Amino acid sequence: QQPNMTSLEAPCSCCFPYEPTGKVSRVEPKTFFANERTFLSWLNMSVTLGSIASALAAFGKSDRKQAAALQIMATVLVVTAISFCLYAMNTFFWRRRKIRRKEDGNFDDLYGPMTLSTVMLVSLATIFASSVIKLAENQTVKSMMMSA
């Protein structure tokens, strides 16, 4: 006679030889390289933003009329670049830790890219608003000079 098995009981090891343990037996080297490639891609974006910010700051020093607006734009972009860099570093080490411990599971980050996209959107909106305000001020000054 067979024992009565309910649906909550696990099958015996002879019927189900593989029992998932949450550990991966071997990690391919391409996994480490993919993590590094992703890290370098994020760093590339942060270096690009930082370079644009430093160019804006340098241009702001040479042009006295637009110095304040360009300094605001440069500051916003530097803060964005630093946040990209910190995110990249945090994600790289988090994934590397999971890979080295041979943990099975998700390696994706649900909220990080969305947060960085929001930061980038706010940065670009600030730069756009600053440019529009500066342009409106210049147009107002020109129209005052023309009418006088």
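Worth pointing out:
- Across segment 39-51, coupling constants 3J(HN,Hα) worked out from phi with the 6.51/-1.76/1.60 Karplus curve, θ = phi - 60°, read 4, 5, 5, 5, 5, 4, 5, 5, 5, 4, 5, x, 5 Hz, and Gly and Pro carry x.
- Rolled with a 1.4 Å probe across the full set of protein chains, the surface gives VAL132 an accessible area near 70 Å².
- Distance in nm between pseudo-label sites at LEU135 and VAL119 (7 Å out along the Cβ direction from Cα): 2.8
The values are calculated or read from the model by the stated rules, or taken from the named source; none is laboratory data. Owing to the predicted nature of the structure, the values given are computational and were not obtained by experimental measurement. In this analysis, Cβ positions are derived from the backbone assuming ideal geometry, glycine residues included, and neighbour counts consider all displayed protein chains. Note: areas computed on protein heavy atoms with side chains; ligands, DNA, RNA excluded. Shrake-Rupley method; radii C 1.70, N 1.55, O 1.52, S 1.80 Å.
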